1. Between VAL42, VAL54, which is in contact with a helix residue (DSSP H, G or I) (Cβ under 8 Å, 6 or more places away or on another chain), closer than 16 Å to LEU85 by Cβ and crowded, with 16+ Cβ neighbours inside 10 Å?
2. Sort through VAL93, VAL97 and tell me the only one that's surrounded by 19 or more Cβ atoms within 10 Å (Cβ to Cβ), over 16 Å from ARG11 (Cβ atoms) and among the β-branched types (Val, Ile, Thr).
3. When you scan the stretch 1-37, how many residues do you find that are in a strand (DSSP E or B) and surrounded by fewer than 13 Cβ atoms within 10 Å (Cβ to Cβ)?
4. In this structure, does ALA36 turn out to be farther than 22 Å from GLY7 by Cβ and in contact with a His (Cβ under 9 Å, 6 or more places away or on another chain)?
5. Could you figure out which of (1) more than 18 Å from ALA17 (Cα to Cα); (2) within 17 Å of the chain's Cα centre (by Cα); (3) among the β-branched types (Val, Ile, Thr) isn't true of VAL113?
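Readers should treat all values here as calculations from the given coordinates under stated rules, not as data from a laboratory. Here the structure is a predicted model, which means the values were calculated and not measured. With ideal geometry, Cβ positions are generated from the backbone for all residues, glycine too; neighbour counts draw on all protein chains shown.
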Amino acid sequence: MSRARIGLGRRGEALAAEKLTALGYQIVARNYRCPAGEIDLVARCGPAWVFVEVRTRRDLAFGTPEESLTPRKRRHLFTAAQTYLQEHALEDVDWRVDLVAVQLTERGELLRVEVVENVVSGNEQEGGRRK
């Protein structure tokens with residue numbers, strides 16, 4: 001992965017963390033890794049544990065940030081979230097997977113940061129509420 005892509009991803013994660021914090025989420029961990037994959041942000045929102053995937057786009061040539069969340073990535077997020085819960089003895093808690101879509105101009109100016117809740121469910125259904 002190029003330095004530019006890594007930098008874009010880090011900027012997107014920082015903007016996502018700021019947005020989530022402003023919405024009342026508490027960031028618990030960043031870049032959690034396990035054999036199933038990576039979770040960009042782990043947060044608490046009230047009593048719920050929230051596993052956050054951040055998707056950042058500088059242009060829409062390959063679609064919106066929301067469109068870039070593939071079924072394969074959804075499965076990996078679901079499995080990684082379950083792994084995190086097991087590793088931290090959180091078997092009986094409310095949890096969900098959210099997406100934060102970050103869109104920038106080609107010059108790097110911020111266009112939007114949007115939170116979409118519940119983008120992955122146990123049976124891989126799509127959906128979610130935007131904030």
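1. Testing whether each residue is in contact with a helix residue (DSSP H, G or I) (Cβ under 8 Å, 6 or more places away or on another chain), closer than 16 Å to LEU85 by Cβ and crowded, with 16+ Cβ neighbours inside 10 Å leaves just VAL42.
2. Numbers: VAL93 fails: surrounded by 19 or more Cβ atoms within 10 Å (Cβ to Cβ).
The conditions single out VAL97.
3. Of the stretch 1-37, the ones in a strand (DSSP E or B) are 26-34, 37.
Then drop every residue that is not surrounded by fewer than 13 Cβ atoms within 10 Å (Cβ to Cβ), which leaves 26, 31, 33.
Of the residues in the stretch 1-37, 3 are in a strand (DSSP E or B) and surrounded by fewer than 13 Cβ atoms within 10 Å (Cβ to Cβ).
4. Values: farther than 22 Å from GLY7 by Cβ: yes; in contact with a His (Cβ under 9 Å, 6 or more places away or on another chain): yes.
Against the criterion (farther than 22 Å from GLY7 by Cβ and in contact with a His (Cβ under 9 Å, 6 or more places away or on another chain)), ALA36 qualifies.
5. Tallying (1) more than 18 Å from ALA17 (Cα to Cα); (2) within 17 Å of the chain's Cα centre (by Cα); (3) among the β-branched types (Val, Ile, Thr), VAL113 fails exactly one: (1).
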